[in-house]
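Participant: This is the structure I want to talk about, given as structure tokens.
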Amino acid sequence: MSAPDFAHHCALAMLRDGQRIELVADEAERAAIAERLRLLALERFEATVTIAREGEEVRATGRLRAAVTQSCVASGEPVPAMVDEAVALIFRPEPKGTPDEEIDLQEADLDVIFHDGREIDLGTALADELSLALDPYPRSAAAEDALKEAGILSEEQAGPFAALAALKGK
């Protein structure tokens, strides 16, 4: 397995309730994140979070800001975008049990990141949050023309009401 692209390990023993952490990716880290997320470029990636501790559970809440360039899904042209997202991360100790044992997860557990009891990897979790904030289907201004040229119908042309509209004219 390759090394994490934006690993910033924080020792649990050093984290304090109310602590503010600012992370800014350097050029090499931004390039590695961009490669993993298949971005054309990542010009800016930074986050500011405040830590809340409750025993072994760590909550990190704050903002994630990034300037990205994605590839248009239709034309392949660059699509620049800004990301400014609120983040709320929950780190909990890895559940105890055998590897084959089934663990019951509740809805509140779905956004939990497990830690080993010694440290959390805040940077990698924030890079993962960026991946969730990206537009899954970025489109440039030339997207419609590229789709039309490829013979792909628009939603209006292919939708159920298009067939009704064609019948109405008869």
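Participant: Out of 29, 35, report the one residue that is modelled with pLDDT of 90 or more, surrounded by fewer than 19 Cβ atoms within 10 Å (Cβ to Cβ) and charged (D, E, K, R). Can you show your working first?
Facilitator: Working: 29 fails: surrounded by fewer than 19 Cβ atoms within 10 Å (Cβ to Cβ).
The match here is 35.
Participant: Further question on the same structure: Which of the residues belonging to segment 60-91 are in contact with a Lys or Arg (Cβ under 8 Å, 6 or more places away or on another chain) and either of a type in the set (Phe, Trp, Tyr) or within 18 Å of residue 114 (Cβ to Cβ) (or both)?
Facilitator: Once the filter is applied, which keeps residues that are in contact with a Lys or Arg (Cβ under 8 Å, 6 or more places away or on another chain) and either of a type in the set (Phe, Trp, Tyr) or within 18 Å of residue 114 (Cβ to Cβ) (or both), segment 60-91 yields 87, 88, 89, 90, 91.
Participant: Now, a different point. Considering each of 83, 24, 68, 79 in turn, give the residue that is β-branched (Val, Ile, Thr), modelled with pLDDT under 95 and under 30 Å from residue 139 (Cα atoms). Break it down into steps so the answer makes sense when it comes.
Facilitator: On the way: 83 fails: modelled with pLDDT under 95; 24 fails: modelled with pLDDT under 95; 68 fails: modelled with pLDDT under 95.
Residue meeting the stated conditions: 79.
Participant: Being under 19 Å from the mean Cα position of the chain (by Cα), crowded, with 20+ Cβ neighbours inside 10 Å and modelled with pLDDT under 95, is that true of even one residue in segment 38-54?
Facilitator: No, that holds for no residue.
Participant: How do the strands (runs of 3 or more DSSP E) wholly within segment 22-102 filter down when requiring 2 or more residues that are acidic (Asp, Glu): which remain?
Facilitator: Hits in segment 22-102: 41-54, 78-93.
The values are calculated or read from the model by the stated rules, or taken from the named source; none is laboratory data. Predicted model only: the values in this text are computed from it and were never measured. Quick reminder, even Gly has a Cβ in these numbers, built from the backbone with ideal geometry, and neighbours come from all protein chains shown.
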